[in-house]
Amino acid sequence: MQPNHSRASGPAIVLSTVMLLSALLWAQGCTSPGQRRSREETRRVILFSWDGAADWTLREVLERTELPNLQRLVDEGALADGMVSSFPTKTAAAHAMLWTGRYGHQSGITANSLLLEPAADHTRLETQSGFFSDGLKAEPLWVTTARAGLTTYALHATQSYPYEATERWLRPGSFDHLQMMNAYTPISRSPSAFTERSHPPASASGWSVPQAQFPGAREISLQLDEDFWWGLLFDDPDDPTIGFDTLGLVTSKESRAFDVVLKPGLDTAPSKPIGLTHERGTLYSTLRLLDLGATDASYILFLSGAKFLSASSPLYPGAAGLATEAYAGNGAGGVYESGAFGATIPQGGGGTAEDRFLVTLADLTGQLRDQARRIFDRRDYSLVILYSPVLDDASHAWVGYLDPAMPGHDPALAAALWPKLEAAYRLHEILLEDVLKAAERDHANLLVVSDHGMAGTNRLLNLNIALEQAGLLTRTAEGAIDLGRTRALHLPLSEVSIAINSTDRAGGIVPPGERQAVLVEVREALLILRDPETGQQLITGIYESSTAGPLQPGGVTSGDLFVDLAPGFYPSDRLDQDQLVTITTPKGNHGMLPTRQDMLAIFLAWGPDIPPATRWPQARSIDVTPTVLELLGLPVPDDLPGRPLAGD
Ligand SMILES: [Zn+2]
């Protein structure tokens with residue numbers, strides 16, 4: 001769905017003028033990206049993944065607002081007419097496709113969660129994460145380039161952690177060329193917000209800081225992860241604000257000076273990283289005072305999420321300091337939706353809650369920028385892989401209200417929320433600024449890609465209830481799936497696959513000879529599903545696992561049938577209630593058919609080897625690895641299913 005495609009005449013004229021202009025500059029051999037790389041110069045590629053950037057939201061945002069850096073990529077580089085990614089369109093699977101150039105049945109990463117192997121030892125209810133390197137069966141791009149002796153940096157690349165898994169492919173000598181850093185590990189803390197309701201201020205007593213003597217000073221006690229902190233809310237005489245204007249924090253009331261001093265508002269800097277005790281060690285967060293009532297000491301104190309940063313080698317730029325560096329990992333989407341940032345726009349708020357959420361994304365962006373800068377400062381790279389979750393976080397929160405195909409779409413609400421998604425895209429301008437500067441300086445080719453699109457959903461389709469109603473699934477007395485009496489189930493993988501409970505996996509009861517008949521029964525059970533309210537058909541497509549064709553869903557770690565759903569619906573394996581459809585708050589979601597317009601990912605390219613002002617036809621995620629290899633002058637393996645879109 002690309003809401004503005006048909007009414008694009010105004011901006012399209014502007015675009016074509018710019019394209020013409022850039023083509024002219026190009027013809028005159030003027031500046032980058034036309035500036036040619038000399039023969040002996042290192043070939044370089046920067047591959048930047050924007051998690052959750054949908055082709056349709058990118059196009060809509062480019063029409064609504066000015067994003068000079070992104071616009072520069074479009075005007076001076078190549079933009080594909082969307083990109084088809086993995087089926088299901090889930091982050092881990094789609095990234096594995098970007099990194100390996102292979103479908104899930106070969107890469108092993110069939111979704112965000114995988115059925116455990118070996119199949120004979122594990123049932124269809126036992127899963128593992130698809131984000132880690134353990135599940136990866138095909139060689140990722142960073143291994144190929146490092147083996148070829150090209151200095152490679154992979155920053156937060158899915159399936160790069162744990163780093164030891166790389167030893168399967170790389171000889172010890174080639175490790176020198178590969179530097180990985182990743183924070184998306186199980187060691188993390190979620191963000192949280194503290195307010196006067198959750199932690200009411202009391203009169204200050206027993207403090208050693210002089211500010212506690214100020215008239216009216218109030219104190220709060222806070223448990224931050226496993227540590228206790230004290231906060232003092234007071235009127236700073238050096239601050240022109242009359243009333244409460246400052247929060248000072250200490251770990252002990254005996255401290256004579258604050259450890260952290262915070263001023264309220266969104267245009268301040270976050271605190272320095274503070275180390276807090278966590279069950280798995282010390283994790284570093286930042287604090288922000290998002291709001292402080294001058295008269296009533298009402299407040300919103302935000303503690304960022306924290307992820308444990310680690311590098312594959314002590315040679316990684318800045319590795320020595322990583323242990324005390326703060327990295328939030330994600331923005332505070334959950335806190336925003338809980339209402340702790342105030343009423344959201346859909347709840348009748350005026351946009352402040354959204355701006356508070358955006359500030360958490362801005363802090364995350366700053367952290368990513370600093371991490372990337374250390375790599376670019378080295379200038380020794382051939383390949384840099386970067387990742388940002390900013391647009392995925394923002395799109396999950398807002399696309400449920402922005403998607404015009406969503407049943408019950410409210411144009412007024414969408415109009416109020418579009419500027420917020422635009423602001424999330426604008427955060428990427430900050431990152432692009434640095435990346436473009438480095439690419440220009442180093443004559444690097446820059447590829448900006450995403451893993452999947454985003455669609456609005458406000459209904460869960462409880463597929464296992466449907467299978468139960470068709471007599472294909474049976475629950476135990478406790479309400480769980482009884483594998484001993486279940487012939488087909490929607491797998492607990494948070495995606496769209498349904499499996500026949502066949503005997504090739506532990507717990508299976510369907511013998512090979514009966515598999516086909518059960519498949520037919522499942523199809524029939526799914527195709528008759530209708531929305532209880534509207535009578536609309538709920539399953540709009542059923543696809544079998546396959547090792548040929550454009551989709552190729554499935555594999556030993558996944559299911560047998562993959563479904564696409566009517567607009568507004570998202571699949572669920574819930575069994576805690578009996579109705580087929582559960583109403584939810586509107587959300588952005590992904591996982592559906594990758595060729596659907598709203599599931600299309602993005603692919604932009606810019607640099608000395610990219611034809612300027614080019615519109616590429618629809619790309620595929622499997623084309624990204626061959627494109628990177630070609631741009632680096634490395635051979636493209638014959639058995640890769642994709643093809644290079646640029647290079648010589
Ligand atoms: Zn997502």
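For segment 78-90, check the following and say yes or no: at least one residue is within 15 Å of the chain's Cα centre (by Cα), at pLDDT 95 or above and surrounded by fewer than 24 Cβ atoms within 10 Å (Cβ to Cβ).
There is no residue in segment 78-90 that is within 15 Å of the chain's Cα centre (by Cα), at pLDDT 95 or above and surrounded by fewer than 24 Cβ atoms within 10 Å (Cβ to Cβ).
Provide a single number: the residues in segment 581-627 that are of a type in the set (V, I, T) and either in the same structural domain as E468 (by TED's automatic domain parsing) or farther than 30 Å from E40 by Cβ (or both).
Within segment 581-627, residues that are of a type in the set (V, I, T) and either in the same structural domain as E468 (by TED's automatic domain parsing) or farther than 30 Å from E40 by Cβ (or both) number 8.
Consider only pairs whose beta carbons are under 8 Å apart and that are at least six residues apart or on different chains; among these, list those whose first residue lies in segment 377-401 and is under 25 Å from T585 (Cβ atoms) and whose second residue is charged (D, E, K, R) and within 11 Å of the ligand (Cβ to nearest atom).
Qualifying pairs under 8 Å: P389/D51; V390/D51; L391/D51; D392/D51; H396/K587; A397/K587; V399/K587; G400/K587.
For segment 103-113, name all the residues that are crowded, with 24+ Cβ neighbours inside 10 Å and either over 15 Å from the mean Cα position of the chain (by Cα) or hydroxyl-bearing (S, T, Y) (or both).
If the condition is that a residue be crowded, with 24+ Cβ neighbours inside 10 Å and either over 15 Å from the mean Cα position of the chain (by Cα) or hydroxyl-bearing (S, T, Y) (or both), then Y103, G104, S107, I109, T110 are the ones that fit.
For every residue, the table says whether it meets (1) surrounded by 18 or more Cβ atoms within 10 Å (Cβ to Cβ); (2) out of contact with any strand residue (DSSP E or B) (no Cβ under 9 Å at 6 or more places or on another chain).
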site	(1), (2)
P608	yes, no
Q618	no, no
V628	yes, no
D638	no, yes
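Please indicate, with yes or no, whether at least one residue in segment 485-496 is in contact with a Lys or Arg (Cβ under 7 Å, 6 or more places away or on another chain), more than 27 Å from F131 (Cβ to Cβ) and part of a loop (DSSP other than H, G, I, E, B).
Taking every residue of segment 485-496 in turn, none turns out to be in contact with a Lys or Arg (Cβ under 7 Å, 6 or more places away or on another chain), more than 27 Å from F131 (Cβ to Cβ) and part of a loop (DSSP other than H, G, I, E, B).
I'd like to know if segment 417-437 contains one or more residues that are touching a helix residue (DSSP H, G or I) at 6+ places or on another chain (Cβ under 9 Å), surrounded by fewer than 20 Cβ atoms within 10 Å (Cβ to Cβ) and within 30 Å of T534 (Cα to Cα).
Scanning segment 417-437, I find at least one residue that is touching a helix residue (DSSP H, G or I) at 6+ places or on another chain (Cβ under 9 Å), surrounded by fewer than 20 Cβ atoms within 10 Å (Cβ to Cβ) and within 30 Å of T534 (Cα to Cα), so the answer is yes.
Got at least one residue in segment 580-589 being within 16 Å of the ligand (Cβ to nearest atom) and under 30 Å from V435 (Cα atoms)?
Yes, that holds for at least one residue.
Does segment 443-454 hold any residues that are within 16 Å of the ligand (Cβ to nearest atom) and of a type in the set (S, T, N, Q), and which are they?
Result: S450, single match.
Please state which one of A332, A319, A297 is crowded, with 16+ Cβ neighbours inside 10 Å, touching a strand residue (DSSP E or B) at 6+ places or on another chain (Cβ under 6 Å), closer than 30 Å to V390 by Cβ and aliphatic (A, V, I, L, M).
Exactly one residue qualifies, and that residue is A319.
Working only within segment 445-476, note down all residues that are touching a helix residue (DSSP H, G or I) at 6+ places or on another chain (Cβ under 7 Å) and either among the basic types (K, R) or assigned to a loop (DSSP other than H, G, I, E, B) (or both).
Listed by number, the residues that qualify are D451, H452, G453, M454, A470, L472, L473, T474, R475.
Out of the residues in segment 555-578 that are aliphatic (A, V, I, L, M) and out of contact with any Gly (no Cβ under 6 Å at 6 or more places or on another chain), which is surrounded by the fewest Cβ atoms within 10 Å (Cβ to Cβ)?
Looking at the filtered set, the residue picked out is V556.
If you go through segment 277-288 one residue at a time, do you hit one that is in a loop (DSSP other than H, G, I, E, B), touching a Gly at 6+ places or on another chain (Cβ under 9 Å) and not small (G, A, S)?
Looking for residues that are in a loop (DSSP other than H, G, I, E, B), touching a Gly at 6+ places or on another chain (Cβ under 9 Å) and not small (G, A, S), one finds none in segment 277-288, hence no.
Out of all the residues in segment 469-485, is one or more in contact (Cβ under 8 Å) with a residue 24 or more places away in the chain and within 16 Å of the ligand (Cβ to nearest atom)?
No, every residue in segment 469-485 fails to be in contact (Cβ under 8 Å) with a residue 24 or more places away in the chain and within 16 Å of the ligand (Cβ to nearest atom).
Being of a type in the set (G, A, S) and surrounded by fewer than 23 Cβ atoms within 10 Å (Cβ to Cβ) is the filter; apply it to segment 400-410 and report the residue that is farthest from the ligand (Cβ to nearest atom).
Per the stated criteria, the residue is G408.
Right, T457: within 16 Å of the ligand (Cβ to nearest atom) and out of contact with any Leu (no Cβ under 7 Å at 6 or more places or on another chain) or not?
Yes; evaluated as a whole, the condition is true for this residue.
Spot the failing condition for L262; the list is (1) touching a Lys or Arg at 6+ places or on another chain (Cβ under 8 Å); (2) within 27 Å of P389 (Cβ to Cβ); (3) outside the structural domain of T295 (by TED's automatic domain parsing), and only one is missed.
With respect to (1) touching a Lys or Arg at 6+ places or on another chain (Cβ under 8 Å); (2) within 27 Å of P389 (Cβ to Cβ); (3) outside the structural domain of T295 (by TED's automatic domain parsing), L262 is out only on (3).
Just to be sure before I move on: is P264 crowded, with 19+ Cβ neighbours inside 10 Å, under 14 Å from Y299 (Cβ atoms) and in contact with a strand residue (DSSP E or B) (Cβ under 7 Å, 6 or more places away or on another chain) in the structure I sent?
Numbers: crowded, with 19+ Cβ neighbours inside 10 Å: yes; under 14 Å from Y299 (Cβ atoms): yes; in contact with a strand residue (DSSP E or B) (Cβ under 7 Å, 6 or more places away or on another chain): yes.
It is true that P264 is crowded, with 19+ Cβ neighbours inside 10 Å, under 14 Å from Y299 (Cβ atoms) and in contact with a strand residue (DSSP E or B) (Cβ under 7 Å, 6 or more places away or on another chain).
It is to be established whether one or more residues within segment 384-399 are farther than 30 Å from F569 by Cβ, part of a helix (DSSP H, G or I) and within 16 Å of the ligand (Cβ to nearest atom).
No: zero hits.
The values are calculated or read from the model by the stated rules, or taken from the named source; none is laboratory data. Just so it is clear, the structure is predicted and the values come from calculations on it, not from any experiment. Note that we place each Cβ from the backbone using ideal geometry, even for glycine, and neighbour counts take in every protein chain shown.
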